[in-house]
Amino acid sequence: MTKRTWLGRAIGIVGMGALALGITACGPGGDGDGSAGGGAGGDDELVTVGFVAVGPEGAWREANEQNIQDTFSEDAGFELKFAPAANLDQASQIQAFSSFIDEGVDVILLSATAGAGWESSLQRAQEAEIPVILIDRGIEPDNTDLYVTRIAPDNLEVSSSVAEWALEEFPDGANYFVLEGPAGVSVVNERNEGWDAVMSEHPEFEKIGAQTANWSREEGRSVFETVLRANNNDIDLLFAQNDEMGLGAAQAVEEAGLVPGEDVKIATIDGTRAALEALADGQLTFVAEYNPMFGETALETVNTVLDGGTVDPYIIVPSETFDSPEAAEEALPDRQF
Ligand code: AHR
């Protein structure tokens, strides 16, 4: 994996060494040792960070965005301008992104509500020599020249780990349904890709169908209620692409007079406290963490980039899996989200 330098990228993209050196010379990230320092004008100013965020979307998002805001504190040398989307609307994000460029922030963090449609915004940020770092969500098509790096767990690996667990849990195969996040979101496509990469080799697993429940617990309940009814309750396995939808589906299983973990096994992604509690109680059977607590990694990355250092184009946040009530009970006391 080649490393990328904001300085090198600036030269490559802007093609003006002096301008790129200008970014480094007054690098607002500090004095070149990766430590937080003053803003663009010198050591006594704060580094301004424009965070184009998703906003209210469930426990995972709340944990991730709070961790970012807590980490980029004034004490750490930052002024973080938080701009959550209005009702998950991409247009409001594009507007906030543009405003941050006009304000001349030192760096933009972007968690995209939709994967497509970012090219012109990202090109404007490059022309303004403002580095963009993707938080969690990718862009589609993934043009890695349009941003400095993406910080996230590896969705392909996380969803493949759920599929590998399913192979072990159902050695003779199973029928299954998938509750997806919203269409057009990068992580949804990546999670389908990771799952399908494993399941495509296993015809003993029959896909009954897939439908979005928009990351929502209530929608997860109502969609899966309909799915159970349409299939005479004959669903062995549910892969829910986040905890909220899986928890809602577990409620639908119980409301159908079935036993989660016995009649229907539910596997989810995120690893929030509520999911681990449900795993401990047997309502969920497998939980793959998608670790949201990477504010420190983001801060270190921002400082490195603004100091002209090099970073990988995809900084992978480690995540673990939980496959039993005992594993959940062991993790719960120290759970940060
Ligand atoms: O992009 C990460 C996903 O967005 C999480 O898995 C989900 O809970 C959140 O809403």
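The values are calculated or read from the model by the stated rules, or taken from the named source; none is laboratory data. Not measured: the values here are computed from a predicted model. Methodologically, a virtual Cβ is constructed for each residue, glycine included, from the backbone with ideal geometry; neighbour enumeration extends over all protein chains shown. Accessible surface areas use protein heavy atoms only, side chains included; no ligands, DNA or RNA. Shrake-Rupley method; radii C 1.70, N 1.55, O 1.52, S 1.80 Å.
Details
- Over the range 81-235, relative contact order from alpha-carbon pairs under 8 Å, at least 6 apart, %: 18 percent
- Nearest-10 value in Å² for the accessible area of Met293, using the 1.4 Å probe: 50 Å²
- When Rg and the Kirkwood radius Rh are both evaluated on Cα atoms of the range 191-261, their ratio Rg/Rh stands at 0.97.
- Relative contact order computed over the range 155-290 (Cα-Cα under 8 Å; 6+ residues apart), in percent: 26 percent
- Comparing mean-square fluctuations of Asn67, Asn143, Asn192 from a GNM of the chain with C-alpha springs under 10 Å, the top value falls on Asn143.
- Beta bridges assigned by DSSP with both partners in the chain are antiparallel in approximately 10 percent of cases.
- Choice from Asn231, Asn64, Asn214 showing the highest fluctuation, given a GNM over the chain with Cα pairs closer than 10 Å: Asn231
- Descending principal axes extents, the chain, alpha-carbon based, whole Å: 68, 38, 35
- For the range 132-142, 3J(HN,Hα) per residue [Karplus equation, 6.51 cos²θ - 1.76 cosθ + 1.60, θ = phi - 60°, Hz, x = Gly/Pro]: 10, 10, 7, 10, 6, 7, x, 10, 9, x, 7
- For Ile315, distant residues with modelled amide H under 5 Å away: Arg150, Ile151, Ala152
- Calculated mean residue ellipticity, 222 nm, the chain: -12500 deg cm²/dmol, from DSSP H runs (n ≥ 4) at -39500 (n - 2.57) each, averaged per residue and rounded to 500.
- For the range 91-174, the relative contact order comes to 25 percent (Cα pairs under 8 Å, sequence separation of at least 6).
- Remark: the range 155-290 carries a charge dipole of roughly 360 debye about the Cα centre, counting +1 on each Lys and Arg Cβ and -1 on each Asp and Glu Cβ.
- Residue-wise HN-Hα coupling along the range 301-306, computed from phi with Karplus coefficients 6.51, -1.76, 1.60 (Hz; x: Gly, Pro): 5, 4, 4, 4, 5, 6
- The GluC sites (Glu not before Pro) of the range 66-154 that DSSP puts in a loop, and whose beta carbon has at most 11 other beta carbons within 10 Å, are Glu74.
- Whether the range 155-290 is rounded, prolate or oblate, judged on the alpha carbon gyration tensor where a/c under 1.5 counts as rounded: rounded
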